[in-house]
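The values are calculated or read from the model by the stated rules, or taken from the named source; none is laboratory data. Values in this document were obtained by computation on a predicted structure and should not be read as measured data. Here the Cβ is made from the backbone with ideal geometry for all residues, glycine too, and neighbour counts use every protein chain on show. SASA here: full protein model, heavy atoms, side chains in, ligands and nucleic acids out. Shrake-Rupley method; radii C 1.70, N 1.55, O 1.52, S 1.80 Å.
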Amino acid sequence: MHPTGKAQMTDSGAIGVIAVTERGRTAAGRLQAAWPDRVRTSTENRAGEQLRSAFADCGAVVAFLAVGATVRALAPVLGDKHTDPPVVCVDEALQHAVAVLGGHHGGNALAVEVAGVLGCRPVVTTASDAASAAPLDSYGADLGLTVADTAPLAPAGAALLSGRPVRLEFDGDRAWPLPPLPPNASTATPRESAEALLRVSDRAAAPEAAPAVPTVVYRPPSLVVGVGSARGAAAEEVGALVDRTLAEAGLSARSVRALATVDAKADEEGILRAAAERGWPVRVLPASELAGVDVPNPSEVVRAEVGTPSVAEAAALRAAGEDGASAALVADKRKSENATAAVARLRPRGRLALVGLGPGARDLAAPRALAELHRASVVVGLDQYLDQVRDLLRPGTRVVASGLGQEEERARTAVAEAQAGAAVALIGSGDAGVYAMASPALDFAGADIDVVGVPGITAAVAAAHRLGAPLGHDHAYISLSDLHTPWEAIERRVRAAAEGDFTVCFYNPRSRRRDWQLPEALRLLAEHRPPHTPVGYVRNAARDDEHAAVTTLAAMLDGEVEAVDMYTVVLVGSSASRTVAGRFVTPRGYTWRG
Ligand code: SAH
């Protein structure tokens, strides 16, 4: 453990943890174990002093202290909310992680993270989160949006929270996949009636066009500047050309996501320094890739020199269009004596999150799954799963519910919404990729959307923990639903699993209309393993009316299959599986036990 001390330099990634009681120290140890590289724990008794020095030295503070004591200790050193580190207090009973200071500057998120590690409740009291709206100062921050000028944040935030009409605007016809805003803020609010504007734009606004209402301008990371230069061109020349190119095209430098050039210029001092001075990363592309890019101003002289007829235009287009995004030039090539520059804009892509919510219980859903639900503006799923998570959705989230059996339609809807530019979450139970929506959705999805997946705990894994340790060795998942798969194919796999001596997990095992498949599958397995082979089944694993049983293959075939329905997953042991103290155990290695 590293003591927090005045001598230490400020470390913005560090979390200073203050714990003075026994329970606090133990809990601090859990944070330390969860984030070994970030936590600096102080367990000395002078809490006030320790707190103030952590506040001075660290990027965030977690105090296992009363809120009152913490506030009194920090009061003399409080400064500006934009520069002070956020502070989270956890009570002695370890029930609450309270975001006390800097809620919108990492405090609320830290409270949620700490609560996640300690298993307590995060307490968030900032106004816009209480109303469940996105705080305007960090709206879209995870997409790389930055606020051009902070002054309009307060009046625009007030208009948003008090329900007055607020207009959201984008450049052109294309939206960024932003989280939802409260219903009074939307792209549909007419300009005339809007009392505040939220504008997502890479255009440097002309001063005479300044709007009369508070306007928060967000700079999206939409531009790539392409540059080429002669060997030895000065950073000042490259920089001046780039700045002029952006200015002449009416574009904001804050929207530049990268500076791109050809590999031959990877070590060109002037280019590297011009980028570094502006805080832009440099993207280097091979000449052979640039040669294939269609550009308005190719040059044979350049081709002879570097192997591509265009550097600036081609590099800008190519880098902006990476990962399949579509890109267009917004500033053609301009030249100075020794350098060239051009600017490309990428078209924002919608985002599809494939989110598995786990088997049921909220605390078995990944925090990342819940975060995706929170950031989506459109959530698509089956009614029953949507009901599970409705309380987590922000007001303004559009919910597209559908009934059982409409998988294809659900997948198409989710993809179409993402293609239209929205941030979409397609949700399902367990894992989204296991007998679920991920594959139909990806069948329809093109390269024109971003796709992220969040793993979920699948039914077999959730059930296994109720039964014992049935998955300790090789196992196979088999769905017994013959709606989309002919029975012959299913039977072939069951036989193979039987012969291969796998533990088998049956999904979709039995319904009122499909009642013979499970007994048939069990009979096939029984040809290869003894009657006392353990079988476990769990109905509604990790849900309110969970029911689990460990029995045998013989008993199942003797009528116990009746207990199984479509809310159940059935696990059949291999020949090495056994029952130990009522628990279903498959040994790790067959050789261990001889
Ligand atoms: N994507 C899901 C599976 C969907 S297929 C997952 O990863 O878990 C539907 C089948 O999954 C059901 O018929 C049942 O066999 C099983 N299942 C899903 N959730 C379950 C739960 N909580 N308890 C028991 N079985 C479940």
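Some observations on this one:
- Between 0 and 90°, nearest 10: helix 107-118 axis offset from the chain longest Cα axis: 20
- Projecting the Cα atoms of His528, Ala548, Gln517 onto the dipole axis of region 495-568, where Lys and Arg carry +1 and Asp and Glu carry -1 at the beta carbon, places Gln517 farthest toward the positive end.
- A simple count of charges around Val98, restricted to other residues whose Cβ falls under 10 Å of its Cβ and scoring Lys, Arg +1 and Asp, Glu -1, yields 0.
- When the trypsin sites (Lys or Arg not before Pro) in region 181-283 are filtered for DSSP coil states and for at most 13 other beta-carbon atoms within 10 Å of their beta-carbon, the remaining sites are Arg191, Arg231.
- The calculated pair-distance distribution of region 46-183 uses every alpha carbon pair, bins of 10 angstrom beginning at 0, and gives 11, 36, 31, 17, 5, 0 percent.
- Loop-located GluC sites (Glu not before Pro) in region 278-354, at most 15 other Cβ atoms within 10 Å (DSSP): Glu337
- Degrees between helix 517-526 axis and first principal axis of the chain (Cα, 0 to 90, nearest 10): 70
- Shape class of region 183-286 from the Cα gyration tensor (axes a ≥ b ≥ c, square roots of the eigenvalues): prolate, since a/c reaches 1.5 or more and a/b is larger than b/c.
- Normalised contact order of the chain, rounded percent, pairs of Cα under 8 Å and 6 or more residues apart: 8
- Rg [Å, one decimal], Dmax [Å, integer] - region 458-506, C-alpha atoms: 11.9, 33
- Probe 1.4 Å, protein heavy atoms only - accessible area per residue of the chain in square angstrom: 45
- Separation in nanometres of the label points that stand 7 Å from Cα toward Cβ, at Arg583 and Asn45: 4.4
- Using only alpha-carbon positions in the chain, the gyration tensor eigenvalues give semi-axes of 50, 35, 25 Å once each is multiplied by 5 and square-rooted (largest first).
- Full-stretch length increase - Arg244, Glu499 - with 0.36 nm per residue and alpha-carbon distance subtracted: 84.6 nm
- Helix 235-248 and the long axis of the chain differ in direction by around 80°, with both axes built from C-alpha atoms.
- The residues packed around Ala328, meaning those with a beta-carbon under 9 Å from its beta-carbon, carry a net charge of +2 if Lys and Arg are +1 and Asp and Glu are -1.
- Charge dipole magnitude, Cβ of K and R +1, D and E -1 - region 214-256, Cα centre, debye nearest 20: 160
- Accessible surface, 1.4 Å probe, highest first, among residues His484, His547: His484, His547
- Prolate/oblate/rounded call for region 16-87, Cα gyration tensor, a/c under 1.5 rounded: oblate
- Per-residue HN-Hα couplings for region 552-561 [Karplus 6.51, -1.76, 1.60; θ = phi - 60°; Hz; x = Gly/Pro]: 10, 4, 4, 5, 4, 5, 8, x, 5, 4
- Taking amide H as placed 1.01 Å from N in the peptide plane, the amide H of Arg203 sits under 5 Å from that of Ser252, each at least 5 places away or on another chain.
- Each residue of region 583-589 was assigned a 3J(HN,Hα) from its phi angle through the Karplus curve 6.51 cos²θ - 1.76 cosθ + 1.60 (θ = phi - 60°); the sequence is 10, 8, 10, 10, x, 4, x Hz, with glycine and proline shown as x.
- Under-5 Å amide H pairs with Val88, H placed in peptide plane, nonlocal only: Val61, Val62, Ala63, Val100
- Net charge of the neighbourhood of Ala314, taken over other residues with C-beta under 9 Å away and scored Lys/Arg +1, Asp/Glu -1, is -2.
- Our coupling estimate for region 351-368, obtained by passing each phi through the Karplus curve with A = 6.51, B = -1.76, C = 1.60 and θ = phi - 60°, is 9, 10, 9, 9, 10, x, 8, x, x, x, 3, 4, 6, 9, 8, 5, x, 5 Hz, Gly and Pro reported as x.
- Amide H within-cut-off set for Val400, under 5 Å, with H built and near neighbours excluded: Val379, Val380, Gly381
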